[in-house]
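The values are calculated or read from the model by the stated rules, or taken from the named source; none is laboratory data. Computed from a prediction, not measured in an experiment: that's the story for all the values here. Here the Cβ positions follow ideal geometry from the backbone for every residue, glycine too, while neighbour counts run over all protein chains shown.
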């Protein structure tokens, strides 16, 4: 079970608005729980998915706004089943560029068949994007209308052409910067804890099969959670 304080302990911020954090709390090491689903369970017993052009109510609770580099009509609303860390079948949702939606569904079908565990799959809201850092989030999702970390240009997430998976088990790291900020325990990539992505594993291979690249292969920084169509 997650600790009762998950998502509530706001970190002090540095000059760039990122949280200042120390070591990973023991409650967040070997993290292996699944949070409640945010959409109804899809019918059936195996992998299932539904893909639609994103309706207005879904767009309205996302980070999309005029000025984002992709139009709202270009975003697909995808619901998919996945395996949780509890060994049960769950259903999540994401927004993704409609052009790649079927390929992305194929990736998650593969991960389902491999029983790769996911904590929660959801759509980032404006409130979550603007919230002060707690450093303990663990999302899996696609579209977020935001710049790349530490830059002013749009991230590939803002085009719906990138996906992050289990962000806590697979943090972003550049120099002393770690995101999520409390995930330093997972910088040891030799760990075999569930939910970790390793070079050449079923997650990396599934994305490679559709021509996407992994941020864990980058040289100047490592973004172990991140997969994108153009490799950035």
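Quick notes on this structure:
- Tally, over the stretch 182-196, of residues that are touching a residue at least 24 places away in the same chain (Cβ under 8 Å) and either under 18 Å from residue 106 (Cα atoms) or more than 15 Å from the chain's Cα centre (by Cα) (or both): 7
- Those strands (runs of 3 or more DSSP E) lying entirely in the stretch 135-229 with at least 1 residues modelled with pLDDT of 95 or more and crowded, with 23+ Cβ neighbours inside 10 Å: 162-164, 226-228
- Given (1) touching a strand residue (DSSP E or B) at 6+ places or on another chain (Cβ under 6 Å); (2) closer than 24 Å to residue 145 by Cβ, number of the condition residue 73 does not satisfy: (1)
- Some residue of the stretch 44-58 being surrounded by 14 or more Cβ atoms within 10 Å (Cβ to Cβ), in a loop (DSSP other than H, G, I, E, B) and within 18 Å of the chain's Cα centre (by Cα): no
- Residues satisfying the stated conditions in the stretch 99-125, i.e. farther than 13 Å from residue 81 by Cα and either modelled with pLDDT under 95 or surrounded by 20 or more Cβ atoms within 10 Å (Cβ to Cβ) (or both): 100, 101, 123, 124
- Checking residue 62 against (1) touching a strand residue (DSSP E or B) at 6+ places or on another chain (Cβ under 9 Å); (2) over 14 Å from residue 142 (Cα atoms); (3) at pLDDT 95 or above; (4) assigned to a loop (DSSP other than H, G, I, E, B), the condition it does not meet: (2)
- Selection count where residues are touching a strand residue (DSSP E or B) at 6+ places or on another chain (Cβ under 7 Å) and closer than 30 Å to residue 22 by Cα, scope the stretch 83-115: 2
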